[in-house]
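The values are calculated or read from the model by the stated rules, or taken from the named source; none is laboratory data. Quick caveat, the model's predicted, so the values are computed rather than measured. Positions of Cβ are generated from backbone atoms using ideal geometry, with glycine treated the same way; all protein chains shown enter the neighbour counts. Accessible surface areas use protein heavy atoms only, side chains included; no ligands, DNA or RNA. Shrake-Rupley method; radii C 1.70, N 1.55, O 1.52, S 1.80 Å.
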Amino acid sequence: MSILGELDFRGFRYRYKLSDKPQGEWLVILGGALQSLNSWDNYLDYYNKTFRVVVCDLPGMGESDTLPRGYPMEFLADCLKHLLDSLGIARVHIKAVSYGTPITYLFANKYPEQVDRVILAGTMKRIPDAVMDDTLASIRIMQSEDREQAIALFTRMFLCTDKQDDIQNSRLAQKLLRIGISKLSAVRRKNYVENTLRMINTPHLNYSDCAHLPFLIFTGEYDSYTRPEYCREVAQLLPSAHYTLIKHADHLANLEQFDTVSRLCEDFFAGRDISHEANCGPYEHLGVMA
């Protein structure tokens, strides 16, 4: 079972879901731009066996209040601090995906005393030129409310359909993406537009400034949006980071390879050797201080 709650940070309402596990280390999950609290129910159930889990929709995410594009990513890092302090959580592991990754990096850099281990799945320093046109087109389509065009574009952006025979659960991912986009509320469409413009306007993050914390960076081997080389670039810049790929997956690796990703993350958070997972690789210990 889980507990739903709402908080207010500087005039913006945001939501969270809390596992009812009474003991254990804390784990926070921050999702991507098209996700919400309910996107992570299977992971919440899985991790609840070991951790006390919080899934949150910060302002601008899910059905939480829209955060105008002029508010920087640092605002959201401070909101995450507000969430933890409000819940009386002193230290956490954090798993962040896509849009949630720069927020998590900024939080870890500003409040390292509250962070144990960090996973960034599907990350990059900036939105690169190779995907900028599609990213800008996604904003226009969300504003136009053309759901069929949105489904076609997001499928092209986030799924590697020409490798679907090698990607496990590729057709399921396509089906769920279509359903999810077709059901997006007006609030979530507006949130996507503002969040994406915030990403575009965010200065390049200097990941080498981060505190010396254990990081794991991964994405699907066929990710065509936050491509493996972009994720590896971030891992190289961090003081200490492990890097790997999820085989037979693309940008939606958390959906397509649930068993592999959940085991990998659980082992990393527990400080165990992660190189035994056969459906990942290669494993590299990167970073400027590795």
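Observations on the model:
- Residues of segment 116-164 satisfying the condition of being open to solvent by 10 Å² or more (accessible area, probe 1.4 Å) and hydroxyl-bearing (Ser, Thr, Tyr): SER144, THR155, THR161
- Of residues in segment 1-25 being closer than 16 Å to ASP45 by Cβ, open to solvent by less than 60 Å² (accessible area, probe 1.4 Å) and over 21 Å from the mean Cα position of the chain (by Cα), the one modelled with the lowest pLDDT: LYS21
- Scanning segment 236-279 for residues that are in contact (Cβ under 8 Å) with a residue 12 or more places away in the chain, open to solvent by 10 Å² or more (accessible area, probe 1.4 Å), over 18 Å from ARG171 (Cβ atoms) and hydrophobic (A, V, I, L, M, F, W, C) gives LEU237, LEU245, ALA270, ILE274.
- Residue match in segment 206-213 (condition: surrounded by fewer than 20 Cβ atoms within 10 Å (Cβ to Cβ), closer than 18 Å to LYS95 by Cα and not small (Gly, Ala, Ser)): yes
- Test: residue in segment 93-103 that is open to solvent by less than 10 Å² (accessible area, probe 1.4 Å), in contact with a Phe, Trp or Tyr (Cβ under 7 Å, 6 or more places away or on another chain) and either at pLDDT 95 or above or over 20 Å from ASN254 (Cβ atoms) (or both): yes
- The set of residues from segment 44-70 being in contact with a helix residue (DSSP H, G or I) (Cβ under 7 Å, 6 or more places away or on another chain) and either surrounded by fewer than 21 Cβ atoms within 10 Å (Cβ to Cβ) or basic (Lys, Arg) (or both) comprises TYR46, THR50, GLU63, THR66, PRO68, ARG69.
- Checking the stated criteria, ARG227 turns out to be within 30 Å of PRO68 (Cβ to Cβ), within 17 Å of the chain's Cα centre (by Cα) and open to solvent by 20 Å² or more (accessible area, probe 1.4 Å).
- All positions within segment 246-290 that are more than 17 Å from GLU229 (Cα to Cα) and among the small types (Gly, Ala, Ser): SER262, ALA270, GLY271, SER275, ALA278, ALA290
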